[in-house]
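Only one structure is covered here, and it is reproduced in the block below.
The values are calculated or read from the model by the stated rules, or taken from the named source; none is laboratory data. Note that this is a predicted model, so its numbers are computed, not measured. Counting neighbours? That spans all protein chains shown, and the Cβs are built from the backbone with ideal geometry, glycine included. We work out accessible area using only protein heavy atoms, side chains counted, and drop any ligands, DNA or RNA first. Shrake-Rupley method; radii C 1.70, N 1.55, O 1.52, S 1.80 Å.
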Amino acid sequence: MAARSLEMGPAGIRTAHTIEILRTERGLAQRQLADRVTALGRPMSKTMLSRIERAQRRCDVDDLVAIAEALLVSPLVLLEGPSPPETGHPTAADRASSTE
């Protein structure tokens, strides 16, 4: 059986980028977001979050749901990524603020 590639795909890279964008837009340090995720019952260190944001660690579905909850957004917002402002479509931040 051939070994499965562990390369990060475009959806994983987009999700990692969106997590970082939303975290920084909210003024949270990586430690603060990791602590929020841990408080929700999904243990996460600052190093784990950093590796997820840099697309060096896969974000499994449980991580995705907990990070989304800690950022007060739907997991779908993290998966879709931010829309470019010139399209007229709402950005991830716009969608997040409408759910708060």
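If you go through the stretch 51-74 one residue at a time, how many are under 18 Å from Pro10 (Cβ atoms), of a type in the set (A, V, I, L, M) and open to solvent by 70 Å² or more (accessible area, probe 1.4 Å)?
Residues meeting the conditions: 1.
For the stretch 17-50, name all the residues that are within 17 Å of Gly81 (Cβ to Cβ), touching a residue at least 24 places away in the same chain (Cβ under 8 Å) and open to solvent by 60 Å² or more (accessible area, probe 1.4 Å).
At the first step, the residues of the stretch 17-50 found to be within 17 Å of Gly81 (Cβ to Cβ) are 17-26.
Imposing the further condition that a residue be touching a residue at least 24 places away in the same chain (Cβ under 8 Å) reduces the set to 17-23, 25-26.
Once the filter is applied, which keeps residues that are within 17 Å of Gly81 (Cβ to Cβ), touching a residue at least 24 places away in the same chain (Cβ under 8 Å) and open to solvent by 60 Å² or more (accessible area, probe 1.4 Å), the stretch 17-50 yields His17, Glu20, Glu25, Arg26.
Take the residues of the stretch 75-88 that are open to solvent by 80 Å² or more (accessible area, probe 1.4 Å) and more than 11 Å from the chain's Cα centre (by Cα): which is modelled with the highest pLDDT?
Result: Pro85.
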